[in-house]
């Protein structure tokens, strides 16, 4: 338990749940069985001056854990595991670093998939749109790299589920939900199927994309 948070006080999560980065943190909090309260902010909810004083980037999420205010989703994931749930992060530094690599690789994947996501979810397009098709191809090529990794081990975190699975786990749901061409990637599909069996994933991630 973090020394910064009085016993019984919830962690406060700021951010709208249809944000990929907010989903990461909300899912992690459920997996770690940590008491939290989430407040909608960002997107159509806008930003208050009080929020911008905590996070001047005009982005979500931000958490408050007692006196600690923290933004950047992957930094939040690492903090939550280190402070509250060490079993979600390998104590082997090599395994942990390998997981960190895939956590940060997720931002490259987000860039690749962005046009397909925006086109299909926000603009009413489908795979016939050139920008959607090109983005879908880029995302599929990157997912092939992830599939090759998952052929070697069951989880990106090592021999069991952990925080390294969360960033790409969130983006995998979008990848499998939008109207793009997807090659057969059996190890990726198996990993995604196992994620869908987790109650926190169904509750916090598998929600409408809009």
- Message: Just to confirm my numbers, what's the Cα centroid distance between segment 137-168 and segment 187-203 in Å?
- Response: 12 Å
- Measure nothing but the geometry: give the 0 to 90° angle between the long axis through the Cα atoms of 73-84 and the longest principal axis through the Cα atoms of the chain, rounded to 10°. 50 degrees
- Query: How many nm is it between the label spots at residue 53 and residue 68, if each spot is 7 Å from the Cα in line with the beta carbon?
  - Reply: 2.2 nm
- Query: Between residue 114 and residue 141, what length in nm is gained on full extension when 0.36 nm per residue of separation is reduced by their alpha carbon distance?
  - Reply: 8.3 nm
- Counting pairs of alpha carbon atoms under 8 Å apart in space and at least six apart in sequence, what relative contact order in percent does segment 93-204 give? 32 percent
- Where labels lie 7 Å past Cα in the beta-carbon direction, separation of residue 40 and residue 210 in nm: 1.4 nm
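Where does each of 84-97, 110-123 land if you order them by average Cβ count within 10 Å, highest first? Let's see the in-between values first.
Details: 84-97: 14.5, 110-123: 18.4.
The peptides rank, most packed first, as 110-123, 84-97.
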- Message: Show me the ranking of peptides 176-184, 47-55 by mean Cβ neighbours inside 10 Å, starting with the highest.
- Response: 176-184, 47-55
- Taking the alpha-carbon centroid of each part, what is the distance from segment 8-26 to segment 73-132 in angstrom? 15 Å
- Item | Sum of -39500 (n - 2.57) over DSSP H runs of 4+, divided by residues of the chain (222 nm, nearest 500) | -16000 deg cm²/dmol
- Once you put a point 7 Å from the Cα of residue 75 and another 7 Å from the Cα of residue 179, both along the Cβ direction, what distance in nm separates them? 3.9 nm
- Task: Could you tell me, in Å, what Rg and Dmax come out for the Cα atoms of the chain?
- Result: 17.2, 54
- Only Cα pairs under 8 Å and at least 6 apart count here; give the relative contact order of segment 112-154 as a rounded whole percent. 38 percent
- Query: What percent does the relative contact order of the chain come to when contacts are Cα pairs within less than 8 Å and at least six residues apart?
  - Reply: 23 percent
- Task: Using only Cα atoms, find the angle between the long axis of helix 130-150 and the longest principal axis of the chain, and express it within 0 to 90 degrees, rounded to the nearest 10.
- Result: 70 degrees
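Taken together, the values in this text are just the output of simple stated rules run on the coordinates, not laboratory data. Keep in mind that what you see is a predicted model, and the values were worked out from it rather than measured. Glycine gets a Cβ as well: all are built from the backbone with ideal geometry, and neighbour counts include every protein chain shown.
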